[in-house]
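Peer 1: Mind looking over this structure? Questions follow.
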Amino acid sequence: MLTKNKMSILFGILTIILCIISLSIGGADISYNDITNLILGKEIDEIKQAILLELRLPRLVMAILIGMLLASSGVVVQSVFLNPLADPYIIGIAASATFGAVIAYLLKLPDIYYGIFAFFSSAVLSLVIFKLSKRGKSIATLLIIGIAFSSFLGAFTSFATYLIGEDSFRIVAWMMGHLSGATWERIAYIVVPLTLSMTYFYMKRFELNVILSGDEEAQSLGVDVEKTKKYLLIVSSLAVGFSVAFTGMIGFVGLIIPHTLRMILRTSSNVVLIPVSAFAGGFFLLACDTIGKSVLNPVEIPIGVVTAFFGAPFFLFLAIKSRQGIV
């Protein structure tokens, strides 16, 4: 049976192999020897070096960081709502982040404000969804609330995209999930929410475990459930907001990774799932980006399309299992 440590080591090894494969894929012909020589500090063609260091490597790092953010926030959001289908993408949090980022774009603000506006927008909606979902804790209620808000905010986002005019194609491509805009500057913006959210989630891992046993029992054990859940949702919104702001709508990562690990590791403990999900999420998104670059090379498939290809059937599988009371 795979343990937490074995799983982390496995993902670490697989991620290194995948990194080398991913760096070799693209419009320019760059061999494994070129990549190996660059890693060893040997001289390679200047153009190839520039492509690797300024285009492919930032994209690779961005894929891993965004995967970590989305997967770990998925674990936390599911624990907060006590709902196996509570993925930030499905319940509307990602749609609200998109709305905030588009507003920042319309106001022609610097890149960092895309993340800030997306964070505030998704935090407000997360708290509204949390308040509404308390009246009916069924899976159907949460999904209906998420679909309603996604449609409502999606209409505003579509209208804003229409108003943008000639540049609207850039917005549409971004909304489909895209990593081609990755730069070292944007990675620096992502590292801050990643560090803050991962630290906070790990600090709260034991309280999250207690919450899994139910609100009343957690309250009786001394956990301020209402306050803890609100803070966790706000920090999750920070992770989701900055992810969406710089890479667009990349769905289902927060659904696929936590559930797959629960099945493999046979545990729902957040002590295990939060760190391992981060490793697995980074690997998964890098794998999806590699697939998106290679299947129709040199044409790229947006990464949001690739994750949806895996995520939609997985969501249906979970929905059926939930209906049967298995998940």
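Peer 1: Counting only C-alpha contacts under 8 Å and six or more residues apart, can you give the relative contact order of the range 192-307 as a whole percent?
Peer 2: Relative contact order here is 28 percent.
Peer 1: Note down the Stokes-Einstein diffusion coefficient of the range 25-70 in µm²/s, whole number, using a Kirkwood radius over alpha carbon pairs, 4 °C, and 1.567 mPa s.
Peer 2: Diffusion coefficient, whole number: 113 µm²/s.
Peer 1: Next up: Using a 1.4 angstrom probe on the protein heavy atoms only, line up 175, 198, 203, 62 by accessible area, largest first.
Peer 2: 203, 175, 198, 62
Peer 1: Then there is this: Under 17 Å from a label point 7 Å along Cα→Cβ of residue 21: give me every residue in the range 260-285 with its amide N that close.
Peer 2: Counting backbone N atoms under 17 Å from the label point, the list is 280-285.
Peer 1: Semi-axes, largest first, in whole Å: what does sqrt of 5 times each Cα gyration tensor eigenvalue give for the range 1-60?
Peer 2: 28, 11, 9
Peer 1: If you wrap a convex hull around the alpha carbons of the range 193-327, what volume per residue comes out, as a whole number of Å³?
Peer 2: Expressed per residue, the convex hull around the Cα atoms of the range 193-327 is 120 Å³.
Peer 1: Using the charge dipole of the range 1-134 (Lys, Arg: +1 at Cβ; Asp, Glu: -1 at Cβ; taken about the Cα centre), state which of 36, 79, 15 has its Cα farthest towards the positive end.
Peer 2: 79
Peer 1: Then there's this: So if each residue of separation counts as 0.36 nm, and I subtract the Cα-Cα distance between residue 266 and residue 295, what length gain in nm does that give?
Peer 2: Between residue 266 and residue 295, full extension yields an extra 7.1 nm.
Peer 1: If I take the Cα coordinates of the chain and project them onto the principal axes, what are the three extents in Å, biggest first?
Peer 2: 65, 54, 34
Peer 1: Compute the angle between helix 4-24 and the longest alpha-carbon principal axis of the chain, please, reported from 0 to 90 degrees and rounded to the nearest 10.
Peer 2: Tilt of helix 4-24: around 30 degrees.
Peer 1: ³J(HN,Hα) across the range 193-204 via Karplus (A = 6.51, B = -1.76, C = 1.60, θ = phi - 60°), whole Hz, x for Gly/Pro?
Peer 2: Working through the residues one at a time gives x, 5, 5, 5, 5, 5, 5, 5, 4, 5, 5, 9 Hz.
Peer 1: If I ignore ligands, DNA and RNA and count only protein heavy atoms, how much of residue 15 is accessible to a 1.4 Å probe, in Å² to the nearest 10?
Peer 2: 20 Å²
Peer 1: Now for a different question. Pop a pseudo-label 7 angstrom from the Cα along the beta-carbon direction at both residue 14 and residue 46 and give the gap in nm to one decimal.
Peer 2: Rounded to a tenth, the inter-label distance reads 4.1 nm.
Peer 1: Give the relative contact order (percent, whole number) for the chain; include only Cα pairs under 8 Å separated by 6+ residues.
Peer 2: Relative contact order for the chain comes out at 32 percent.
Peer 1: Another question, then. In a Gaussian network model over the chain where Cα atoms closer than 10 Å are linked, find which of 42, 293, 108 has the largest mean-square fluctuation.
Peer 2: Answer for the Gaussian network model of the chain: 42.
Peer 1: Can you put 105, 162, 32, 113 in order of accessible area, largest first, using a 1.4 Å probe?
Peer 2: Sorted descending by solvent-accessible area, the residues read 162, 32, 113, 105.
Peer 1: I need to check one value: relative contact order of the range 37-149, counting alpha carbon pairs closer than 8 Å and at least 6 residues apart, in percent.
Peer 2: Relative CO of the range 37-149 lands at 23 percent.
Peer 1: With axes computed from alpha carbons, what is the tilt in degrees of helix 225-247 against the longest principal axis of the chain, rounded to the nearest 10 within 0 to 90?
Peer 2: Once rounded, one gets 20 degrees.
Peer 1: Sticking with this one: May I ask you to work out the translational diffusion coefficient for the range 12-160 at 37 °C, viscosity 0.692 mPa s, via Stokes-Einstein with Rh from the Kirkwood sum over Cα pairs, reported in whole µm²/s?
Peer 2: 181 µm²/s
Peer 1: Please determine, in degrees from 0 to 90 and to the nearest 10, the orientation of helix 57-81 with respect to the longest principal axis defined by the Cα atoms of the chain, where the helix direction is its Cα long axis.
Peer 2: For 57-81 against the chain, the angle is about 10 degrees.
Peer 1: Find how much the distance from residue 124 to residue 215 grows on full extension, using 0.36 nm per residue of separation minus their present alpha carbon separation; answer in nm with one decimal.
Peer 2: So the chain would gain 30.5 nm between residue 124 and residue 215.
Peer 1: Under 23 Å between alpha carbons: how many lysine pairs meet that in the chain, if sequence neighbours fewer than 8 apart on the same chain are excluded?
Peer 2: Count of close lysine pairs: 19.
Peer 1: In the chain, if the dipole is taken from +1 on Lys/Arg beta carbons and -1 on Asp/Glu beta carbons about the Cα centre, which of 105, 199, 179 is farthest to the positive end?
Peer 2: 199
Peer 1: Just subtract the alpha-carbon distance of residue 170 and residue 231 from 0.36 nm times their residue separation and send over the number in nm, one decimal.
Peer 2: 18.6 nm
Peer 1: Can I ask one more? Mind computing the radius of gyration and Dmax over the alpha-carbon atoms of the range 93-160? Å is fine for both.
Peer 2: Over the range 93-160's Cα set, Rg and Dmax evaluate to 13.0, 41 Å.
The values are calculated or read from the model by the stated rules, or taken from the named source; none is laboratory data. Everything numeric here is computed off the predicted structure, so don't read it as measured data. Here the Cβ is made from the backbone with ideal geometry for all residues, glycine too, and neighbour counts use every protein chain on show. Only protein heavy atoms, including side chains, enter the accessible area calculation; ligands, DNA and RNA are left aside. Shrake-Rupley method; radii C 1.70, N 1.55, O 1.52, S 1.80 Å.
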